[in-house]
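Please read the structure below before turning to the comments.
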Amino acid sequence: MAKLLIENLQKRFGGVKAIDGVTLTVADGEFVTLLGPSGCGKTTTLNCLAGLETPDEGTIRVGDKVFFDSGRSIDLPPESRNAGLVFQSYALWPHKTVGANIDLPLRLRKYSEKEIRERVENVMKVVELSGLEKRYPHELSGGQQQRVALARALVYEPSILLLDEPLSNLDAKLRERARFWLRQIQKRIGTTTIYVTHDQLESLALSDRIAVMKDGKILQIGSPTEIFEKPSVPFVADFMGTNNFFEGTIQSLEGDRMVFRLANGRELIVPTIPDALPGKKATMAIRPQNVQLASAAGAEAPNVFTVKVVGGQYLGTYYEYIVNDADGDFLFHTRKEIHGDQATVYFDPAECSVFLKQ
């Protein structure tokens, strides 16, 4: 286990900045997810940590060991970094048994036969594969193969664990179970972990903190609750689940709330944000699950208005409706079926996120 420090990491491919000044500190034993769409730089960052890519600038330090320092021309090869890496494809040797796949890193490091047996036995207990040592990868389920890959990365006790979308090849049900046991294993062993994914649910379920990336930059880093409930920019709000966005102008400030005027003239009550001033342009976001039928609102509740129902669908635990206001279409979720082509909805000001226009 070790603390990870990344400072001003830069990586270019031709004229494109794949990593653009990434700075990140990960505490000893912490589980941090790099989250973002394809091409955002998350896998390139992971590869730079593993030594599979060489950054152009910056520093990477794990504990007392410097992995990379452009200023001092330090660039440790992958085999000298003591980093455990699990690939999306698992990369298991098909002609080797489970035991032989797991013990290979130990044999390359010249461990004794006694220590190899003990370490393999212990790590197989950790990933709950005891008794499967003599099977081959093709005789295992996808989830079991994933555990073999994880065991191989853990068996030599790496100082940092790097996981590149390791659950993406599993079906939906198995992926849910795998998220649970992967988090339990990480807590038990306490290895500092960097996890790469584009799956928002995975990041919320697994992480101590999430770093949302776009265009090679970290836009926001925080706990799953902070990232989901208090996005700092519209991209994070949009990427972390579904949001409705409304454009408008700040009209007035009233303590911890302010009046936000839409283009159609409707005025809404929203939370006050730093640097807000009357006349400033802003964007407001509200999640579909936080828009409710007005029957649940009190008589004096703000943000109550009538909309036209454009269409809807039943999704098992709720109905999803597309509704139209004079300012455009938006989504909302409700447990109740709507009859007719109109509905009166409301939303709590505290559920709104507001972003000043840049």
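The values are calculated or read from the model by the stated rules, or taken from the named source; none is laboratory data. In this text, all values refer to a predicted model and were calculated from it rather than measured experimentally. Glycine also receives a Cβ, built like all others from the backbone with ideal geometry; neighbour counts cover every protein chain displayed. Protein only, heavy atoms only, side chains kept; ligands, DNA and RNA dropped before computing areas. Shrake-Rupley method; radii C 1.70, N 1.55, O 1.52, S 1.80 Å.
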Quick shape summary for the stretch 125-282, equivalent ellipsoid via Cα gyration tensor, semi-axes whole Å in descending order, reads 45, 15, 12
Rounded to the nearest 5, the percent of antiparallel DSSP beta bridges in the chain equals 80
Two-site label geometry, Gln184 and Lys280: point separation in nm, points 7 Å out along Cα→Cβ | 4.8
Stretch Ser141-Ala205 to full length: gain in nm at 0.36 nm per residue minus the Cα-Cα span?
-> 20.8 nm
Starting from the stretch 7-107, pick out the chymotrypsin sites (Phe, Trp or Tyr not before Pro) whose DSSP state is loop and whose Cβ has at most 15 other Cβ atoms within 10 Å.
-> Phe87
To the nearest 500 deg cm²/dmol, what mean residue ellipticity at 222 nm is calculated for the chain from DSSP H runs of n ≥ 4 alone, each contributing -39,500 (n - 2.57), summed and divided by the residues?
-> -7000 deg cm²/dmol
In order through the stretch 342-354: 3J(HN,Hα) via Karplus (6.51 cos²θ - 1.76 cosθ + 1.60), integer Hz, x for Gly, Pro = 9, 8, 9, 10, 8, 9, 6, x, 5, 8, 8, 10, 10
Label model pair His95, Leu52: point-to-point distance (7 angstrom along the Cα→beta-carbon line) in nm is 2.3
Among the stretch 334-358, those whose backbone N falls under 19 Å of a label point 7 Å along Cα→Cβ from Ser295 are 334-348
In the full protein assembly as shown, how much of Leu46 is accessible to a 1.4 Å probe, in Å² to the nearest 10?
-> 0
How long is the gain from Glu157 to Asp325 if the chain were fully straight, where each residue apart is worth 0.36 nm and the alpha carbon distance is subtracted?
-> 54.7 nm
Between Gln342 and Tyr314, with labels modelled 7 Å along Cα→Cβ, what's the label distance in nm to one decimal, could you check?
-> 2.6
Subtracting the Cα-Cα distance from 0.36 nm times the residue separation, let me have the gained length for Thr272 to Arg257 in nm, one decimal.
-> 4.9 nm
Nearest-ten-degree value, helix 142-154 long axis tilted from longest Cα axis of the chain = 60
Could you tally the net charge around Phe305, taking each other residue with its Cβ under 9 Å from the Cβ of Phe305, Lys/Arg +1 and Asp/Glu -1?
-> 0
Taking GluC sites (Glu not before Pro) that fall in a DSSP loop and have at most 10 other Cβ atoms within 10 Å as cut points, what is the longest piece of the chain between them?
-> 1-299
Report the longest stretch of the chain that contains none of the trypsin sites (Lys or Arg not before Pro) sitting in a DSSP loop with at most 15 other Cβ atoms within 10 Å.
-> 136-265
Among Val307, Ser73, Gly279, whose Cα sits farthest toward the positive end of the charge dipole of the chain (+1 at Cβ of Lys/Arg, -1 at Cβ of Asp/Glu, about the Cα centre)?
-> Ser73
Helix axis angle, 172-189 relative to the chain longest principal axis, alpha carbon, degrees = 60
Mind checking the dipole of the chain: about its Cα centre, +1 per Lys or Arg Cβ, -1 per Asp or Glu Cβ, Debye to the nearest 20?
-> 1020
Taking only protein heavy atoms and a 1.4 Å probe, what accessible area per residue, in Å², does the stretch 313-352 have with all protein chains in place?
-> 59
